[in-house]
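So the structure is just underneath, and the comments pick up after that.
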Amino acid sequence: MFCSSFGHRHRQLADLPMALRVQHQRPILVVADTSVEEMVVFLKESFSELLEENTWMDNVTKERAKEKVDGMMNLVAYPDWLLSAGEPNETALEEYYGRVVVRDGRHYENVRNFLTENVIQDLERMGKGVDRHRWITTPSVVNAFYAPTLNSIVFPAGFLQPPFYMLGDGLAALNYGAIGMVIGHEITHGFDDIGG
């Protein structure tokens, strides 16, 4: 089980650009990215307004909570480096996976090579500043996340599809009821016993 799920999980960064080679998917993803980003900004602003209205928090706590929600990093669809001008950034993908040797018929060895590369990348990041743009998941995951150590909310491209998100005119209410609820849910994780 571990090996099969591992192999899938660690090639997912490559999956999105491969999928985007299908011409009709490119504009959809760009529109989804932009409109979901706008929803996140709007809902964070609404959350801040609700903070002002509540009576159970003192002003200092309200201000700190407002600073936290304003400082939340929004990661929507895919890492910025993965696409360039709407096209798969093959150079960046080659650089990301460049040291990983993958051979047909050598699954165990391939998994070990991916694990080794992950450790090397982690070690290379040590002693450097925190990269708040670093994703904690891959674009093809159908889920959303709050990363407490980064104070970021993540909505991968795999999540930007029905029933959570729909493109088209007149669907704003449906999108706010579906993915908007999830956005609000992830924002509030910043203030629960995990992210608070």
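Observations on the model:
- Placing a pseudo-label 7 Å from each Cα along the Cα-to-Cβ vector at Leu171 and Asp70 gives an inter-label distance of 3.4 nm.
- Antiparallel %, DSSP beta bridges [both residues in segment 59-158], to 5: 50 percent
- Ranking of Glu87, Glu37 by count of other Cβ atoms within 10 Å, fewest first: Glu87, Glu37
- Fully extending the segment from Thr188 to Glu37 would add 52.7 nm, taking 0.36 nm per residue of separation and subtracting the current Cα-Cα distance.
- Computed from label points 7 Å out along Cα-Cβ, the spacing between His133 and Asp80 is 0.3 nm.
- Exposure proxy order (Cβ contacts within 10 Å, fewest to most) of Ile179, Ile187, Ile120, Ile194: Ile194, Ile120, Ile187, Ile179
- Pairwise label distance in nanometres, Leu50 with Asp104, each label 7 Å out on the Cα-Cβ vector: 5.4 nm
- Using a Förster distance of 22 Å, the FRET efficiency for Leu115-Glu95 (Cβ separation, nearest 0.05): 0.70
- Sorting Tyr78, Tyr97, Tyr108 from the fewest to the most surrounding beta carbons within 10 angstrom yields Tyr108, Tyr97, Tyr78.
Bear in mind these aren't lab numbers, they're just calculated from the coordinates by the rules spelled out. These numbers were taken from a predicted model, which means no experiment stands behind them. Counting neighbours? That spans all protein chains shown, and the Cβs are built from the backbone with ideal geometry, glycine included.
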